[in-house]
Amino acid sequence: MRWRNARKTRNWQGRWARRVVTLWTIFILLTQTGVLQAQVATSTPTLTEESEAARLDRLAAALVARMSPAERIGQLFVVTIQGRDVENNNEFIELFHRLHIGGVVLSPRYGNFSNERGVDTPRQVATLTNQLQALAYGLVLPAEQALRPVPLAPWPPREGFTILPKEKEAGAVHLPLLIGVYQTGDDLPMTALRRGFTPLPSPMALGASWNRDLVRGVGSVVGRELRAVGFNLLLGPNLDVFSLKNSNRLNALGVYSFGGDPYWVAQLGRAYIEGVHLGGGGRVATVADSFPGQGAADRIPNEEVASIQLSRSELQQNALPPFLAVTRQPSTVIDPAGDPGATDILMTSHMRYIGLQGGNGRGAPLSLAPELRTILRQEGVAEWQSRGGVIMSGPLGAPALRRYFETTNPDNFRRVAQDAFVAGNDLLYLADLSLDGSWQSQFRNIVETISTFQSLYASDQDFAVLVDEAARRVVRLKLGLYRDSIDLIAAASVLDTAETVTQPVIPLSALLVTDTDIAVLAGEERIAAEQQMGQIARSAITLLYPDPSTQTASVPPAFAPGDRILIFTDFRLQRECATCEQEPSVDPDALARIIERLYGSQSAGVIDPNNIVSKTFVELSTLLDSLEQQSAVAVGETTPIIAATATPTMAAGLLLTPTLTPSASPPIPTQPAGSTATPDSLPQATSSPPVSLDEIENSTSVADLNSKTLEAIANADWIIFAMLDVAPESAPNSTAVKRLLSDHAGLLTNQKTVVLALHAPFYLDATEMSKLTAYFGVYSKTTPFLESAIHALFRRYPPIGAPPVDVPGTRFASLAERLRPNPATQIPLQIEESDGDTLVRAGQQSETDERPVIEAGALMRMRAGPVLDMNGHPVPDGILVDFDLRYEGEDVALMLEPAPTRGGVAVREITLDRGGILRVQARAEKATSRTVNIVVLPPATPTAVPGTSMNEGPSTEAQPEDPSLIRSPAPDRVNLLTLAIALFTMTVVLSLLLILQVRVLPRSVLVHNMLWATIFGLTGYILYGLGLFPGGGWLRSNIGMLSIPIVVFIPMLLPLLWLQLRSDGR
């Protein structure tokens, strides 16, 4: 009995021992499998390292989390300041040190710097930007030391700076200022940096070149020069699509747009932004202005809030495309892998948009309206904003907003700022924030506005959330601008919430410029930049009238050596600040000096300098006024002639707005000292000294003045008019050319008359142009464009530009028509094989040439383009190109959908499955290509379904067959390599079983278990190869070959568990 009990006890102990061994075996195998899977996971490329953009996102969030509410709120504001004395200005310290203002816009209008003669403007600007950046870091930097290099350590610097008291406390967050400037081009009034900087063309001049590469080069010059003097923010480019419909009211705005076609405005805007990013080395951000477009406004946007009546679809078709083109992806400033043509900031418009906002046109401007967030989301801009893009308001002190509120209550400035922020603007531009124009009032209103935001932050949780989100985007932009200078140790301490930040994440030395940086504004870099401007000018100059194709003689005719030239210049006095000296918009003697230098006795010798006389529109207007007054007296009229003198004043954004002062006599502006001075090497070019403005002012007799003007006109062989825009209200003398051509054409007898349109080209009508010898579009009044205009006039090279806007009365009357495919040019057509090899090009195939051959069933790609427009440039995207394919002897063409152009090129692919001689031709409206003949070899075996299989997608690459229609053969899953992996896995598993159970189980039982495990392992491998293993497809697509050990190991466990349970049941 005891023996039986002992035997039962040993059997019971044996069973439990086997169970324990089996469980330990399974545990060890599972553990090894887990290690294998972990190794697979770490080697799988789906888990990549954190991108640089993601690291900057985390750093921005950590910095904002460390900021006080006052620091977060301060980052939301960009202000203007008065003067440039930083060392002794407590107001500057209050704004940038205690209130933590995030940015500033500098301008000569506010006395921040000067472009006057004798001033080193680049050095003056660089000194101020360095001092302001130091102030944001809690340091006062003396002007005499501002351009000296600053060491990285120690922090704060021990010498050369005055440390402001608050910064002695640890833990302060230091961030750079956004320092911005308007640098639109075409000199005054929209170009802030002029003396010592490269003269820039107007945006319309860039548009007239139709050349992305040249526009990118201009943007690169701007970015490089801005960075050299410490700017990191360009308020531009303007992406408004200009409409000629309202040009009478918006005469000053047309030249500041790239043009009137949304596609080309988008393309040139992207090229310009890309150039700024490239030239600035990623340290100059752009502000695209003014979303969603003001080109259809019926009044000057800065002066009055207008209601744009376009429907939503019209806005989406015409106004919005340029803005959407620069907000598809984050910019390279935000993300190194981003879009170089994407803008960093989008400025919102102060217009109403009925098609987007609805209502009756009496609601708030879009920049202040709650609908702004909805519109940003609907148009896809919110996605760009969520990835780092910043939305910025227009100037919140603009006269348009003051008129909208119709009150003199200064509290409205705070209301405007709140509305603009809640509407969806991240950055608030506080410019002209005073009713009396004084700096004291503006400073007080800025401080009160920020104080209001601080109160709202403390009392309104929703408002605080909006502030934190906007501050994070602004901080993220600043980190992107200086990402290559971020202090990694400081960044790590910011991310570690347990540490105290003891030094700035972006070192101050990375922000400050030196004399070495300013050197790019001179020397070889300056020469190269001016050459780029000259190339743009040569590409833009346009012969508007007459049409050369209708002329039998050359236009314009050639100059003779003895020709006498009379030049009338639209002379207007402007000033860049209230106390600055007046400057002429165009020097009255500028063209005369250029003619003498290029074609006078010192060069080509074509023109005698003594035969050139320079006069102004003032003198011409005085003569016409006198003639009209005499005519009125002759018919018994006694109405006096009242003229108006324009006195320029300044408005927000540098735009000059003249103020009219009635006078009872013709306007007699004063001549600024030296404005007509000529270099010593170039003596004044006049036969008898021309009547200067001083002579007009001192003339004792208007009749004597008019007599000299009449004599000059009568003696001239050539009369050249240098004309700006026509603005009778602000510049009464600007109408002189129109008055002469329409009412006093009798003064012009046999003279050759030429108008150089230095502004927009659409101010003369067809009748007026018909009285001219030639009418040139110049588009800009800077020296390179004046020189190119003279070269074109003297036929040095042909004018090849084309206006980017409608010019009624000329061959350029309709821009839309000019951008259609030109029927007079043949479309290049190229036939390619699927691998990209060219079979044949249209025009290179003669009747005697051997025809190219392609096999039926092979993919054939047809590439048509570039399709050229009437101006000789690639057509806009979306122009449909039809491909006509016909087999020889057949009248019916193969059915094929037209292909849209991209970059002027259209691509379509087709797979032919029957033989014959195929004739291929491309057609875009009335423009066609030559016909190409191709031999299609019949297929080796007949197809089940006769006909043609065509791929009609827009892709430029061959499309593979639908993988869902192809059964994967077994070799795709299993092969000799997978078999070897399976056998190796089974060997490892069986070895572990043998090691762990050889001392526990009888040999026969152990062999029995191993055989069953082998059978199940092989079965799992076979099922996987047949595609029947559960989850096998998922494993194969995610871990590839490494799925083999899993599909073998799991089935091998199943018999072990089953045999164990069976043994326990016994």
- prompt: Restricting attention to segment 786-833, and to residues there that are among the β-branched types (Val, Ile, Thr) and part of a loop (DSSP other than H, G, I, E, B), which single residue is nearest to GLY903 (Cα to Cα)?
  reply: ILE827
- request: Name the one entry in PHE161, PHE197 that is at pLDDT below 95, touching a Leu at 6+ places or on another chain (Cβ under 8 Å), in the same structural domain as SER290 (by TED's automatic domain parsing) and not β-branched (Val, Ile, Thr).
  value: PHE161
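Yes or no: segment 593-601 includes at least one residue that is under 23 Å from GLY118 (Cβ atoms) and modelled with pLDDT of 90 or more.
Here is the first cut: in segment 593-601, the residues under 23 Å from GLY118 (Cβ atoms) are 593.
Add one more test, that the residue is modelled with pLDDT of 90 or more, and what stays is 593.
Yes, there is a match, as at least one residue in segment 593-601 is under 23 Å from GLY118 (Cβ atoms) and modelled with pLDDT of 90 or more.
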message: List pairs: first residue in segment 304-331 and within 27 Å of ARG387 (Cβ to Cβ) and in the same structural domain as PRO237 (by TED's automatic domain parsing), second residue at pLDDT 85 or above and among the basic types (Lys, Arg) anywhere in the structure, Cβ distance under 9 angstrom, at least six positions apart or on different chains.
response: PRO322/ARG270; ALA325/ARG270; VAL326/ARG270; GLN329/ARG387; PRO330/ARG387
- prompt: Which one is farthest from PRO874 (Cα to Cα) among residues in segment 257-273 that are of a type in the set (Phe, Trp, Tyr) and crowded, with 24+ Cβ neighbours inside 10 Å?
  reply: TYR272
query: Name the pairs whose Cβ atoms lie under 6 Å apart, with the first residue in segment 718-740 and in contact (Cβ under 8 Å) with a residue 60 or more places away in the chain and charged (D, E, K, R), the second buried (at least 20 other Cβ atoms within 10 Å of the Cβ) and in a helix (DSSP H, G or I), and 6 or more positions between them or separate chains?
result: ARG739/LEU624
field: Any chance ALA464 is farther than 21 Å from ARG414 by Cα, aliphatic (A, V, I, L, M) and surrounded by 15 or more Cβ atoms within 10 Å (Cβ to Cβ)
entry: no
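Rundown of residues vs (1) modelled with pLDDT of 95 or more; (2) farther than 22 Å from VAL104 by Cα, yes/no style:
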residue	(1), (2)
ARG472	yes, no
LEU477	yes, no
ARG483	no, no
ALA492	no, yes
THR497	no, yes
THR502	no, yes
VAL505	no, no
THR516	no, yes
query: Taking only pairs six or more apart or across chains, which ones have beta-carbon atoms under 9 Å, a first residue in segment 247-267 that is closer than 17 Å to VAL778 by Cβ and assigned by TED's automatic domain parsing to the domain that holds GLY801, and a second residue that is modelled with pLDDT under 95 and in a helix (DSSP H, G or I)?
result: none
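When you scan segment 221-238, do you find a residue that is touching an Asp or Glu at 6+ places or on another chain (Cβ under 6 Å), in contact (Cβ under 8 Å) with a residue 40 or more places away in the chain and within 26 Å of GLY293 (Cβ to Cβ), even just one?
yes
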query: Out of all the residues in segment 367-418, which are small (Gly, Ala, Ser), closer than 24 Å to ASP462 by Cβ and outside any helix (DSSP H, G or I)?
result: ALA369, GLY388, GLY389, SER393
- line: Given (1) assigned to a strand (DSSP E or B); (2) surrounded by fewer than 24 Cβ atoms within 10 Å (Cβ to Cβ), LEU346 misses just (2)
Count - residues of segment 308-327 that are in contact with a Gly (Cβ under 8 Å, 6 or more places away or on another chain) and surrounded by fewer than 24 Cβ atoms within 10 Å (Cβ to Cβ): 10
- request: Would you mention how many residues in segment 85-129 are of a type in the set (S, T, N, Q), closer than 23 Å to VAL284 by Cβ and part of a loop (DSSP other than H, G, I, E, B)?
  value: 4
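Among the listed residues ARG328, ARG362, which satisfies the condition of being out of contact with any strand residue (DSSP E or B) (no Cβ under 7 Å at 6 or more places or on another chain), of a type outside the set (S, T, N, Q) and assigned to a loop (DSSP other than H, G, I, E, B)? Don't jump to the end; show me each part of the working.
Numbers: ARG328 fails: out of contact with any strand residue (DSSP E or B) (no Cβ under 7 Å at 6 or more places or on another chain).
Matching residue, one of ARG328, ARG362: ARG362.
The values are calculated or read from the model by the stated rules, or taken from the named source; none is laboratory data. On a predicted model such as this, the values are computed, not experimentally measured, just so you know. Glycine gets a Cβ as well: all are built from the backbone with ideal geometry, and neighbour counts include every protein chain shown.
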